[in-house]
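Structure first, commentary second.
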Amino acid sequence: MEKPAAPARFWSLDALRGGCAIVVFLSHWHLWCAFAPVGAGQNFIHAFLQNCHEWLIFTTWPTGGHHPAVLAFFVLSGFCIHYPAEWRLAHGNRTLPAGDYYRRRFLRIMPVYWVASLLGLLLVGLEWWWPTGNALLQFHAQAPLPHIVVRFLAIAGFYPEEIFVGNYILNTIAAEIVMYAAYPFFHRLAMDGRWRALGLGFVLMHAFAIGLLRLGFSPYWAFNSLFMLGLFWFAGALAAHGFVARRWRLAGWWVLIAWIGFLLVKAVTPFYGLNLIKQAMWGLVCVVALLWVLTFEERHGTWRRQQIVGTLCYGGTISYSLYAVHTPVMLITTWFLLRVAGCENYLVQLAVTLLAAAGATVACYYLVEHRFYRPRIMSAPPAAP
């Protein structure tokens, strides 16, 4: 049988990515729609959303810092970037087409990144020239000139200060950009089977981040830097190696065991360093869940035709645009309600920010992301050799 020319795209990972993006958006939607609810109806909706958020914190949030879905994104990123290399190696090719790799990464990341940066700068300008006095908008509109330059150069991963410039969430994308740039070096070591050395390197990076904290560096920068997040990216890449080369296949009860272990660690009496253990345990949950959904796809491929799966897959398709633009769009919408419409109605804020973020996401995907980057066609993955 003729070998496929390229690795397949996994619909299960698209669905997982879509679920993570939706959870991040809904968390911010609830937290940033901060107009005071009035009346029984509005208070009921606010209480319902607050209870959902607290349930998310209890079941998945490692520390109260990193959003659990953001950590899952880094595990997914590590898998998706490294899986093609493992697939090529399984088919007798250990080379990395570096030129094509950098071109596709640039087209995948930077156009949307710059659009999202411009939207953040628009919020800064609006709140600077026509201030609302709203604490949330003023907080996100912090933008010293060096921070603006760093944001547009996408070098926040190296710049040891917390950067807002209207779109705080882009800091995690900047950390990923550093990993993408360094991936050819990672690839060379991985193709030589030097996984222990790679793992030790990322653990030392983690320890280095802790050292930076002890030296007085901002924890908000350190925790969003590659030094701290790189370990989760490595875990995803290791999962790709295990899935292809080691035939790692997991049943759903492994996810349950890992999740219970995470919850037990969360219940431990606090001590210095516990938060890092919590994050590590949540990273393990993410890796186990990733391997389980891939196993599920292999065994139940017809589930791709289910409506809910199709919806989540579409969410995964537009997830990067959603992740990148929803923050400034929701905040700009709130600025408009306060400064132009003179409206502080909680239900109106919920509805308008939801519609604005959804519309901006779809527009960004079709007008920017889809024009520059086309993902691989989704199909069933080939059987491992």
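Values in this text are rule-based calculations from the coordinates and carry no lab data. Given the structure is predicted, the values throughout are model-derived calculations rather than measurements. Cβ coordinates were reconstructed from backbone atoms using ideal geometry, including for glycine residues, and neighbour counts include every protein chain displayed.
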>> In whole Hz and in residue order, list the ³J(HN,Hα) couplings for segment 78-93 that follow from phi through the Karplus curve 6.51 cos²θ - 1.76 cosθ + 1.60, θ = phi - 60°; x for Gly and Pro.
In response: x, 5, 5, 6, 8, 4, x, 5, 5, 5, 5, 4, 5, 9, x, 10
> Rg (Å, one decimal) plus Dmax (Å, integer) for the alpha carbons of segment 16-166?
Replying inline: 20.0, 66
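Normalised by the number of residues in segment 21-117, what is the relative contact order in percent for Cα pairs under 8 Å and 6+ residues apart?
20 percent
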> Taking the chain as a Gaussian network, Cα atoms linked when under 10 Å apart, which of F73, F58, F271 shows the biggest mean-square fluctuation?
Replying inline: F271
>> Under 8 Å for C-alpha pairs, at least 6 residues apart: give me the relative contact order for segment 77-177, rounded to a whole percent.
In response: 25 percent
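Can you give the FRET efficiency to the nearest 0.05 for I257 and W129, using r as the Cβ-Cβ distance and R₀ = 45 Å?
Details: r = 55 Å, r/R0 = 1.22.
The formula returns an efficiency of 0.25 here.
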> Kirkwood hydrodynamic radius of segment 157-248 from all distinct Cα pairs, in Å?
Replying inline: 14.1 Å
> How much FRET efficiency would the formula 1/(1 + (r/R0)^6) give for L200 and L347, where r is the Cβ-Cβ distance and R0 is 45 Å, rounded to 0.05?
Replying inline: 0.30
> Amide H to amide H, which residues 5 or more places from R9 or on other chains are under 5 Å from it, using H placed in the peptide plane?
Replying inline: S379
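Below 8 Å between Cα atoms, with a sequence gap of 6+, how large is the relative contact order for the chain in percent?
Details: 477 pairs, mean separation 136.6, N = 385.
Computed value for the chain: 35 percent relative contact order.
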> How much mean residue ellipticity at 222 nm does the chain get from its helices, if each DSSP H run of length 4 or more adds -39500 (n - 2.57) and you divide by all residues, to the nearest 500 deg cm²/dmol?
Replying inline: -24000 deg cm²/dmol
>> Using only the alpha-carbon atoms, how far is helix 170-191 inclined from the longest principal axis of the chain? Give it as 0 to 90 degrees, nearest 10.
In response: 10 degrees
> Between [x] 22.7; [y] 26.8; [z] 22.0, which matches Kirkwood radius over Cα pairs in Å calculated for the structure shown?
Replying inline: [z]
